[in-house]
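Novice: The following block contains the structure, expressed as C-alpha cells.
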Amino acid sequence: MINITLPDNSVREFEAGITGMGIAEAISNRLAKEVLSVSVNGEVWDLTRPIETDASVKLFTWEDREGKETFWHSSAHLMAEAIEAFYPGTKFGIGPCVETGFYYDIDLPDGQQLTDKDLEMLEKKMLEFSRERHSMVRSSISKEEALKMFTDKGDNLKTELIGELQDGTITLYNQGAFTDLCRGPHLPDTGYIKAVKLTAIAGAYWRGDEKRKMLTRVYGVSFPKQKMLEEYLVMIEEAKKRDHRKVGREMELFAFSESVGLGLPLWLPKGTQLRSRLEEFLKKIQKDFGYEQVMTPHIGDVNLYKTSGHYEKYGKDSFQVIKTPAEGEEYMLKPMNCPHHCEIYKIKPRSYKDLPVRFAEFGTVYRYEQSGELHGLTRVRGFTQDDAHLFCRPDQLKEEFKKVIDIVFIIFKALDFKDYKAQISLRDPNKPEKYIGSSENWDKAESAIVEACEEKGLKTFTVLGEAAFYGPKLDFMVRDALGRSWQLGTIQVDYNLPERFQLEYIGSDDKRHRPVMIHRAPFGSMERFVAVLIEHTAGKFPLWLTPEQAVVLPISEKFNDYAHVVSDMLNFSDIRTVVDDRNEKIGRKIRDNELKRVPYLLVVGEKEEETRTVAVRRQGEGDKGSMTIDEFAAFINDEVKKQLTGLYN
Ligand SMILES: [Zn+2]
Ligand SMILES: [Zn+2]
C-alpha cells in the first residue's frame, strides 16, 4: 500500500500502481468525470500513469490552468493526427498549448499549403477521431530507437529535437495511427475533446530562427462541451468590437505614428481629456488620504540607477545611456520613479512623528520592448505610472496597506469593476537565501498584508515563492465585462531601496532606523488602464469620465445658431457639450456620434427652438423625450452626482 496526500493534507491509502483517475474515482464519480490531469509530487502526469510510491497528489479539472493545458496540448496531438491522415509525410515541429488554445508548427510535404477550407476539413476529422475515442498511450524508448523511428519516418524536425535530449528521458505518445515525441501529459483519450475550432494559419520560422525554414503554424482552440465553444466564439466577436485600438481610433482617443517611434503613444485631445480626468480623480482621493504630489525629471544620472539597482536590471536590455557632448556625463531614461522619490525623502531629516510620508507622481517611464511585443496601449515603450511611494515605520505597514486597498476599492467602484480579486505573493519558505531583509521583517510584512486583506474583506489567493526578492506584494486582477482577467494595480513592500539609499528616520528612542517603503500604483499605468477600461466598457465610459457628455445635432443648417446657444448654455453649467453642425442628414449625424460613444444626443429643430428645448436621446436607450435646457443640465448633473457619491464607504 502507498500513502497519497491530498491538497487538504488528508492522507489516503491505495494499492501501489493506483492512477490519478483511480484516486478521482475513489473520491467521487463527479470528480472522475471532470478530472483532466494530476500532479504527483509537483509534476503533472497523465491520469492513467501508475503511481508506485507515497506521493502528494493534486487533481486538475477544466477550472485549473494545468487541466486546461493538458486538454489543449492533447488537442494539438489530435490536430496532428488529423493532419497526418490527410497529408502523410508531414513533418511535425512543436505543438504546445498557449494562453487560450494550442498550435502546431508543421512542414507539409511537397510545398503544399493549407487554406481556411482545409481547416474545416481538419476540424471534422478531429471530431471523428474524438468520437472513436483513441487512447493516448505513453511509452518510453531509448534515444537510439527514437532517432531510428523518426529518421525512418523522414521527420528531420523531430530528429533534431531528439538529438538534444538525454537518453533515458525520451517518451512517445500514441493515439490511433499517430505517434509523437512528447513529454506529456495527455488526456486518457481523444474522446474528451468534444468541440474544436481551428482559428488561424500563420508562418513561423523553425525554432524562431529567421535563417531556418518557414513552417506553417496552425492555431486552434478546443473545449469539453460544444456550448463552451459557442460562448467562446461569441466572446471573441465581442472582444474584436471592443478592441481598444479600434475603439480608440473611432473615438479619437490616441494614436501611434511611426515617425514618432514605435510603442510611443500620442494622446489626442479627447484621450487627453479622459486621462486628465482620471488623474484628477485619483489626485483628489490621494489628497484625502494624505499623499503629497511631486514631480521628477524624465532622465536621471546613471549612478542614481546604479545605486537603486535598476541599471543592472534595465541598463543592458533597455534604452542605452545618453552621454553629454562636452563633459561626458551619463544619463538614463527613467525606467522607474522610485529612486527619485528616495532622493526626495532624503532632502531633510525625518522623525518617527513625520512618518508615514507619501509621495505621489504621475511619472512617465521608458522601457524598451521588442517591436514584435508591442500591442496598442497595453505594451508600450513609454508609459505613465500612477505611482506613489510610502515611507513608513514597520508598525505602520498594515494600516498603510489597508488605506491603499481602500483607494483601490474607490477606483473600482467609480469605474464599475465589480468582479476582482487579489493575489498575495509571499516568500518561498524553502529558499530564504533568495530574499533580502531580516526574517522578522518579512514575517511582519507578510502578516500585515494578509491581515489587511482579511480586515478589508478582499477576496485573495496566496502564491508562495512569487514575492519579489525585496518584499512581498499584492496584485489586483479584475474581470472585465467579457469575463477576461486583467492584472491592474499593485502594492509592494520594499526593504531593499531604503537600504541602498540609506534612508533613515530618528525613532522615539533617538536612534536611527530604516523606514519601510511601499510602492503602489492602483491603475498600474495610465496607458494600460485606459486600454482595459475601453475594452471593459466598449468605450461607453461612465458619464462623469467620458470626454464629451452631450452633442447637439441641428436637423438642418437653419438651426445651427440655436444649437450653439444650447451648447454654450450647457457648457456654462459644466456639461461637456459639442455641436455637430456638419451639412449632413440627421440620421447620419446620429450614427456618427453613436460610433463616437457620446452618451447624450440632443436633436434640435423648429419645435425645439420655439420652445427652447432639446429632444434627448440616450446612447443605446433611444428617446428620452423633450427637456428644457435647464432640465437637461440638472438631469446630467444628477446622474454624475449619483455616480460619484458613496464611493468612500
Ligand atoms: Zn504531447
Ligand atoms: Zn516604485
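Nothing in this text is a laboratory measurement; each read-out follows from the coordinates by a stated rule. Fair warning: this is a prediction, and the values are worked out from it, not measured in the lab. So basically every Cβ, Gly included, is an ideal-geometry build from the backbone, and we count neighbours across all protein chains shown.
Novice: If you take every residue apart from R588 with its C-beta less than 12 Å away from the C-beta of R588, what net charge results, scoring Lys and Arg +1 and Asp and Glu -1?
Specialist: Working: positive: R582, K585, K589, R591; negative: D580, E584, D592, E594.
In short, 0.
Novice: If you restrict to DSSP beta bridges whose two residues both lie in the range 550-644, what percentage is antiparallel, to the nearest 5?
Specialist: In the range 550-644, approximately 55 percent of DSSP beta bridges are antiparallel ones.
Novice: Would you calculate the convex hull of the Cα atoms in the range 1-154 and tell me its volume per residue in Å³?
Specialist: Numbers: hull volume 21.6 nm³, N = 154.
Cα-based convex hull of the range 1-154, divided per residue, equals 140 Å³.
Novice: Let me ask something else about it. Highest mean first, what order results for 445-456, 204-215, 25-36, 413-424 on Cβ atoms within 10 Å?
Specialist: On the way: 445-456: 18.6, 204-215: 12.8, 25-36: 15.0, 413-424: 16.9.
Going by the mean number of other Cβ atoms within 10 Å, highest first, we get 445-456, 413-424, 25-36, 204-215.
Novice: Sticking with this structure for a sec: Could you check what % of the DSSP bridge pairs in the range 2-61 are antiparallel, to the nearest 5?
Specialist: On the way: 12 of 14 bridges.
Around 85 percent of the beta bridges assigned by DSSP in the range 2-61 are antiparallel ones.
Novice: Translational diffusion coefficient of the range 417-548 at 20 °C, 1.002 mPa s, Stokes-Einstein with Kirkwood Rh over Cα pairs, in µm²/s as a whole number.
Specialist: It diffuses with D of about 127 µm²/s by this estimate.
Novice: Something else: Under a Cβ-only charge scheme (Lys and Arg +1, Asp and Glu -1), can you give me the dipole magnitude of the chain about the Cα centre, in debye to the nearest 20? Walk me through the numbers before you get to the answer.
Specialist: Values: 92 positive and 105 negative charges, 128 e Å.
Dipole magnitude for the chain comes out near 620 debye.
Novice: Over all Cα pairs of the range 550-644, how is the pair count split among 10 Å bins, expressed in % and running from 0 up to the last occupied bin?
Specialist: Final binned percentages: 17, 55, 25, 2.
Novice: Another one. Which order do the peptides 431-439, 251-259, 386-394 take when ranked by the mean count of other beta-carbon atoms within 10 Å per residue, highest first?
Specialist: 386-394, 251-259, 431-439
Novice: Please list log₁₀ I(q)/I(0) at q = 0.13, 0.24 Å⁻¹ for the range 309-371, using the Debye equation with identical point scatterers on the alpha-carbon positions.
Specialist: Summing over Cα pairs of the range 309-371 leads to -0.52, -1.07.
Novice: Could you give the angle, 0 to 90 degrees to the nearest 10, between helix 629-644's Cα long axis and the longest principal axis of the Cα atoms of the chain?
Specialist: Tilt relative to the chain: about 50 degrees.
Novice: Given 37 °C and 0.692 mPa s, how large is the Stokes-Einstein diffusion coefficient of the range 142-237 in µm²/s, with Rh as the Kirkwood radius over Cα pairs? Please report the intermediate quantities before stating the final value.
Specialist: Numbers: Rh = 16.1 Å.
It comes out at roughly 203 µm²/s.
Novice: Okay, next question. Taking a 31 Å limit on the Cα-Cα distance, which of the listed pairs K68/K270; K287/K431; K158/K316; K283/K398; K313/K346 fall beyond it?
Specialist: Working: K68/K270 41 Å; K287/K431 40 Å; K158/K316 35 Å; K283/K398 22 Å; K313/K346 24 Å.
Distance filter (> 31 Å) returns K68/K270; K287/K431; K158/K316.
Novice: In whole Å, what are the extents of the range 42-122 along the principal axes defined by its C-alpha atoms, from largest to smallest?
Specialist: Its Cα atoms span 51, 25, 17 Å along the three principal axes.
Novice: Hey, another quick one. Rank by packing, highest mean first: peptides 303-310, 525-532, 569-576, with packing defined as the count of other Cβ atoms within 10 Å averaged across residues.
Specialist: Values: 303-310: 18.4, 525-532: 24.0, 569-576: 16.4.
In descending order of packing, they fall as 525-532, 303-310, 569-576.
Novice: Based on Cα coordinates alone, diagonalise the gyration tensor for the range 343-487, multiply each eigenvalue by 5, take square roots, and list the semi-axes in whole Å, largest first. Kindly include the intermediate steps, with their values, before the conclusion.
Specialist: Values: eigenvalues 138, 89, 72 Å².
After diagonalising the Cα gyration tensor, the semi-axes are 26, 21, 19 Å.
Novice: In addition: Using alpha carbons only, what's the Rg to Rh ratio of the range 66-239 with Rh from Kirkwood? Walk me through the numbers on the way to the answer.
Specialist: Values: Rg = 15.8 Å, Rh = 16.5 Å.
Expressed as Rg/Rh, it is 0.96.
Novice: Can you quote the Å³ per residue value for the convex hull of the Cα atoms in the range 590-649, rounded to an integer?
Specialist: Numbers: hull volume 5.4 nm³, N = 60.
Convex hull volume per residue, Cα atoms: 90 Å³.
Novice: Which one of G191, P472, V565 is farthest out on the positive end of the charge dipole of the chain, using unit charges on Cβ (Lys, Arg +1; Asp, Glu -1) and the Cα centre as origin?
Specialist: V565
Novice: Report the antiparallel proportion of the DSSP beta bridges in the chain as a percent, rounded to a multiple of 5. Spell out each step's value before the answer.
Specialist: On the way: 94 of 112 bridges.
About 85 percent, rounded to the nearest 5.
Novice: List the equivalent ellipsoid semi-axes of the range 178-298 in whole Å, largest first, each obtained as the square root of 5λ for an eigenvalue λ of the Cα gyration tensor. Before the final figure, lay out each step's value.
Specialist: Working: eigenvalues 382, 107, 66 Å².
Result for the range 178-298: semi-axes of 44, 23, 18 Å.
Novice: Another question, then. What are the semi-axes of the equivalent ellipsoid for the range 61-105, taken as the square roots of 5 times the Cα gyration tensor eigenvalues, largest first, in whole Å? Show your work: numbers first, answer last.
Specialist: On the way: eigenvalues 108, 19, 7 Å².
Each semi-axis is √(5λ); the values are 23, 10, 6 Å.
Novice: Can I ask one more? Using the Kirkwood radius over C-alpha pairs as Rh, can you work out the diffusion coefficient of the range 2-61 via Stokes-Einstein at 37 °C, viscosity 0.692 mPa s, in µm² per second? Mind dumping the intermediate values first?
Specialist: Details: Rh = 11.0 Å.
Diffusion coefficient, whole number: 298 µm²/s.
Novice: Considering the range 486-585, what Rg and Dmax in Å follow from its alpha-carbon atoms?
Specialist: 25.5, 79
Novice: While we're looking at this one, here's another question. V98's amide H: which non-local residues (gap 5+, or another chain) put their own amide H closer than 5 Å, with H modeled 1.01 Å from N in plane and none for Pro or chain starts?
Specialist: Distant-sequence amide H within range of V98: Y103.
Novice: Just the Cα atoms of the chain, one point each, no solvent: what log10 I(q)/I(0) does Debye give at q = 0.06, 0.09, 0.12 Å⁻¹?
Specialist: One equal scatterer on each Cα of the chain leads to -0.47, -1.01, -1.34.
Novice: Using only Cα atoms, what is the ratio of the radius of gyration of the range 339-404 to 2.2 N^0.38 Å? Each step should come with its number before you reach the end.
Specialist: On the way: Rg = 16.3 Å, N = 66, 2.2 N^0.38 = 10.8 Å.
The value comes to 1.51.
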